[in-house]
Every structure is written in C-alpha cells, then in structure tokens.
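Down below is the structure, laid out as structure tokens.
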Amino acid sequence: MNESSYQEALDYLYSLTQSGIKLGLKNTARLLQHFGDPQLKTRTIHIGGTNGKGSTAAITESILRASGYKVGLYTSPHLLDFRERIQINRRMIEKQQTVDLITRIKSAVERIKIPITFFEFGTVLAFLYFNEQNTDINIIEVGLGGRLDATNLCQAEISIITSISRDHTQYLGEDLEQIAFEKACIIKESGTVFAHIPEYRVFKVVSDLSRKCSADLFCLGVDFQVDLEAGNEGKNIFSFKWGSLVLNNLTLPLTGSYQRDNAGLALSACLKLKERGLNIKEKHLRKGLETVSWEGRLETVSSHPTVVLDCAHNEESVRNMTIE
C-alpha cells in the first residue's frame, strides 16, 4: 500500500468539504445510477433521528453479525479515521480499497460533470463497496435530516427513527414538527418502522407519514418495551418485551439509560428480520448486546483523573449525558 496514494485520495475527498452541505438527491442519484444503483441490491436498515442513530446502528450490526451475517455499516461522522464510516463486520475498509474506489468515483464525477459534496461522495463509496463485497445486509445511518439526505436513495425494508429534537435548524427549520417530518421521510412505501417518539406532536407526524406510506409503525413504550431490571441500578441490565416475547437479564456494555432505548429499537428490528426468515436466535440477540462497542459515547478513557468522552452535540444529548 502506497501511503502517498492514500493521502492523495483523502486530500481529494476532503477538498469536497469546500462545497459545504447541500441537501438534495439529484446528483447522488445520477452518480449511483452510473454504477448500476448498488444501493438497491442489498437488504437495508435505514436509521434516522436526532440522537442515538450511531449507537442504534452499532447495536443492530452487532446482533446481526453475532447471527452469522456479513453486515455493512455506514455511519458518520468519524472520530479519527475516515474509514471508520465504512465497515463490514466492524472491520474498516482497507486503505487500498479506499484509494481504488475514490479513483473510480472521481473519474465518474468528472465524466458525468456533476458537483458532488464530501458526504454524497462518501455515501456512494459505501454503497459501491458493500455491493462489491457482497454483504448480506447493510445498516445505513442518515447524515443530516432524512428526506433530502444522500442515504435516502436506499430502499430500506426497515426504517428506525430514534429520538427527535431540535438540531441543524439552519437546514431543517426551527419547528419541531417540520424537523420530525424531514427525519421521518426515510419511511418507505409498505415498509416497517420502529420509532422512539414519546412526544405526541412528533408521534403524530411519524404516524401520519407511516399511514400515508402504508408502512407498519411500531413504537417503543407502546408496542415493545425496555425496563431496567431491579437491583441493577448503575448497570445496563434490562428486560425487553414485545407481545408474548419476554427477554430478561439482557446486558449492554454501553453506558447511559438512553442506550436501553436504542437497544430496544435494535432488538425489535432484528426480531422483525427473524420473522422474515433470518436465522436470529435468542443467543445471538444476547451475544450481540453483550459484545457491542461504540467509541465516544460516555466512554471512560481514564479513571485517575476521571475523563469521559462523549460526542453530544445538541441540547438534548448534552442533557441526557449530564443526567447520567
């Protein structure tokens, strides 16, 4: 691997950040079409919302990987290395593969003559990589919003919507209902939706859109529940209930009570996939929860003195973190 080639490829990629953030699907759609629409060739779980998207994606991935599947994971932003965004079975894309794909996509961009942003380019890279590596299922995290986010070109059979609050108001608006609408527009026709939307005005937006799309909506706290098990305060040991199914003594290494909510969304999505024929057993659910890792989320990196890292970036996430 030629390190200079890798750095040159990254330099080109990061030069696209000068284009800023431009919400819209037209340019990404043209570029994906050039490559044969790889985003449509693998079953997909699409995760939107304001907070908890990455954690929910990581938990879902861990369960599916524990079940023996080859799982593509696309998240953003990264902490240290761009390649963190694009992983298969929690292994980052190799540097040489990154160079090769950037070169191919750059050539296509120049041939088609379309402007492309950093995030749009990365999204195409992820979809193309997952398709060429023959993943069994992909977990795709929304970048910003949902309706006009480049990731929304996937045809997800399951959409997960985590908690919704005010964020990126310069792009999504100040009104919470409008923000909820933008984020809920990842719901697909006749799809399945799992959501954590306790606030009624947000619930109404998501519910109305689900009905319009003829999508089945399942809500945390209504259709399925997570509860901290007695005597385990300070630890994420909890129970999960959905209909007649009860799973007790589930262990989650991620810190924070809100991570149980994220785990509930991940569990319900995986159980729906089990209904549809995937070989997901209770032991896989438990192992996936017990072994999940997700850096930078209430992560203690030092005990003396105590140093905790968290990527909270809006009012709700900071409030949740300080409560813990």
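Of note, SER159 does not satisfy the criterion of being among the hydroxyl-bearing types (Ser, Thr, Tyr) and part of a helix (DSSP H, G or I). LYS188 is checked against (1) under 18 Å from the mean Cα position of the chain (by Cα); (2) under 20 Å from SER163 (Cβ atoms); (3) of a type in the set (D, E, K, R) and fails just one. What number does that condition carry? With respect to (1) under 18 Å from the mean Cα position of the chain (by Cα); (2) under 20 Å from SER163 (Cβ atoms); (3) of a type in the set (D, E, K, R), LYS188 is out only on (2). Only one of GLY277, GLY243, GLY264 is closer than 23 Å to ASN138 by Cβ and more than 22 Å from the chain's Cα centre (by Cα). Can you tell me which? Answer to the check: GLY277.
For (1) more than 30 Å from VAL99 (Cβ to Cβ); (2) modelled with pLDDT of 95 or more; (3) within 16 Å of the chain's Cα centre (by Cα), each residue gets a yes or a no:
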site	(1), (2), (3)
ASP136	no, yes, no
ILE139	no, yes, yes
GLY145	yes, no, yes
HIS168	yes, no, no
TYR171	yes, no, no
GLU229	yes, no, no
SER239	yes, yes, no
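The residues listed here are SER293, SER244; of these, the one that is surrounded by fewer than 16 Cβ atoms within 10 Å (Cβ to Cβ), at pLDDT 95 or above and out of contact with any Leu (no Cβ under 7 Å at 6 or more places or on another chain) is SER244. Residue count for segment 121-139 satisfying the condition of being under 10 Å from THR42 (Cβ atoms), β-branched (Val, Ile, Thr) and in contact with a helix residue (DSSP H, G or I) (Cβ under 8 Å, 6 or more places away or on another chain): 1.
Table: residues versus (1) of a type in the set (Phe, Trp, Tyr); (2) out of contact with any Lys or Arg (no Cβ under 8 Å at 6 or more places or on another chain); (3) over 21 Å from GLY145 (Cα atoms).
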residue: SER15; (1), (2), (3): no, yes, yes
residue: GLY24; (1), (2), (3): no, yes, no
residue: PHE35; (1), (2), (3): yes, yes, yes
residue: THR42; (1), (2), (3): no, yes, yes
residue: ILE45; (1), (2), (3): no, yes, no
residue: THR50; (1), (2), (3): no, no, no
residue: GLY54; (1), (2), (3): no, no, no
residue: ALA58; (1), (2), (3): no, yes, no
residue: VAL71; (1), (2), (3): no, no, yes
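If a residue counts only when it is in contact with a Pro (Cβ under 9 Å, 6 or more places away or on another chain) and surrounded by fewer than 22 Cβ atoms within 10 Å (Cβ to Cβ), which helices (runs of 4 or more DSSP H) contained entirely in segment 43-147 have at least 2 such residues? By residue number, 118-132. Condition test on VAL205, is it among the aliphatic types (A, V, I, L, M), in contact with a helix residue (DSSP H, G or I) (Cβ under 8 Å, 6 or more places away or on another chain), more than 16 Å from GLY48 (Cβ to Cβ) and not in a loop (DSSP other than H, G, I, E, B)? Against the criterion (among the aliphatic types (A, V, I, L, M), in contact with a helix residue (DSSP H, G or I) (Cβ under 8 Å, 6 or more places away or on another chain), more than 16 Å from GLY48 (Cβ to Cβ) and not in a loop (DSSP other than H, G, I, E, B)), VAL205 does not qualify.
The values are calculated or read from the model by the stated rules, or taken from the named source; none is laboratory data. As the structure is a prediction and not an experimental result, all values here were calculated from the model. Quick reminder, even Gly has a Cβ in these numbers, built from the backbone with ideal geometry, and neighbours come from all protein chains shown.
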